[in-house]
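Take a look at the structure set out below.
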Amino acid sequence: MFQIACETENILFEKRSKFITRIKSVTREDEAKSYIEEIRKFEKGATHNCYAYRIDHDNHIIERKSDDGEPGGTAGAPMLAVLAGENMINTLVVTTRYFGGIKLGSGGLVSIYKKGVTEILKKTQKIAFERLVELELSFDIKNTHKIDYNLSKNQIKVLKREFDNQNVRYKILCREEECELYIALTK
């Protein structure tokens, strides 16, 4: 399995319609849904915001797709098929369409939505998938800078930060073999 190393976007034009495909690394469904909503707000004038994603959850793959008003099976399913065919995981693709006035037909839509995902996967770097675990760290507030520096240096994703008087709690995503390192760092 593979995941993306960086986020990017790709733009295609087909019969005056504009298709903007974006790719993002996600590890939870709520994260995917939040990003889709961000795109909807950002692309207010768009006709459609179709998407597909595959997420690893407790050693099961969650797959979701949406045609967002395009004819059934012409957007989300082809996008998901490309992700599955490329063995991508923890990956979300959203294709925003600005309708150009010319209908593409079912075959044309399937083709352009697949092409958008195929091209963006060529554009982004794919890396081997590593299963990540959520880890909760608790430490004294005076060590925040040291912990933040170490997490940033190792590109560890912080999901949640909570501060109270003298204690800090972080929820992070890290590789299983790194867990002991971060537990030791906070002692």
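What follows is calculated from the coordinates using simple rules that are stated; it is not laboratory data. Here the structure is a predicted model, which is why all the values come from computation and not from measurement. Cβ coordinates were reconstructed from backbone atoms using ideal geometry, including for glycine residues, and neighbour counts include every protein chain displayed.
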Grab the DSSP H runs of the chain that are 4 residues or longer, score each as -39,500 (n - 2.57), total them, divide by all residues and round the 222 nm result to the nearest 500 deg cm²/dmol. -10000 deg cm²/dmol
Listed by chain and number, the residues whose amide H is under 5 Å from that of Glu14, excluding neighbours fewer than 5 places away on the same chain and using placed H, are Phe19
When the chain is treated as a Gaussian network with springs between alpha carbons less than 10 Å apart, the largest mean-square fluctuation among Asp58, Asp164, Asp67 is found at Asp164
Per-q log10 I(q)/I(0), segment 57-146, q = 0.19, 0.22, 0.23 Å⁻¹ (Debye; single scatterer per alpha-carbon; no solvent): -0.92, -1.12, -1.19
Per-residue HN-Hα couplings for segment 89-104, Karplus 6.51 cos²θ - 1.76 cosθ + 1.60 at θ = phi - 60°, whole Hz, x for Gly and Pro? 9, 6, 10, 10, 10, 10, 10, 9, 10, 9, 5, x, x, 10, 6, 9
Within a Cβ distance under 10 Å of Gly108, other residues only, what is the Lys/Arg minus Asp/Glu net charge? +1
In the structure shown, do any of Lys126/Lys160; Lys18/Lys171; Lys65/Lys123; Lys33/Lys126; Lys41/Lys157 have a Cα-Cα gap over 31 Å, and if so which? Lys18/Lys171
Connecting every pair of Cα atoms under 10 Å apart in the chain and solving the GNM, the largest mean-square fluctuation among Leu132, Leu121, Leu80 falls on Leu132
For segment 1-66, which trypsin sites (Lys or Arg not before Pro) pass both filters: DSSP loop (anything but H, G, I, E, B) and at most 16 other C-beta atoms within 10 Å? Lys15, Arg16, Arg28, Lys44
Calc'd 3J(HN,Hα), segment 117-128, phi into Karplus 6.51 cos²θ - 1.76 cosθ + 1.60 (θ = phi - 60°), Hz, glycine/Pro = x, comes to 6, 4, 5, 6, 5, 6, 6, 8, 7, 9, 10, 4
Tell me, how many Å apart are the Cα centres for segment 121-187 and for segment 65-87? 33 Å
If you stretched the chain out fully between Asp56 and Arg131, how much longer would it get, using 0.36 nm times the residue separation minus the C-alpha to C-alpha distance? 26.2 nm
With the alpha-carbon atoms as the only input, what is the per residue convex hull volume for segment 132-185 in Å³? 62 Å³
Taking segment 132-185 and dividing mean pair separation by its residue count, relative contact order in percent (alpha carbons under 8 Å, at least six apart): 48 percent
Residue by residue, what Karplus-based ³J(HN,Hα) values in Hz, rounded to whole numbers, does segment 132-143 have, using 6.51, -1.76 and 1.60 with θ = phi - 60° and x for Gly and Pro? 9, 10, 7, 9, 9, 10, 10, 7, 5, 4, 5, 9
Springs between alpha-carbon atoms under 10 Å, Gaussian network over the chain: tell me which of Tyr113, Tyr149, Tyr170 tops the mean-square fluctuations. Tyr149
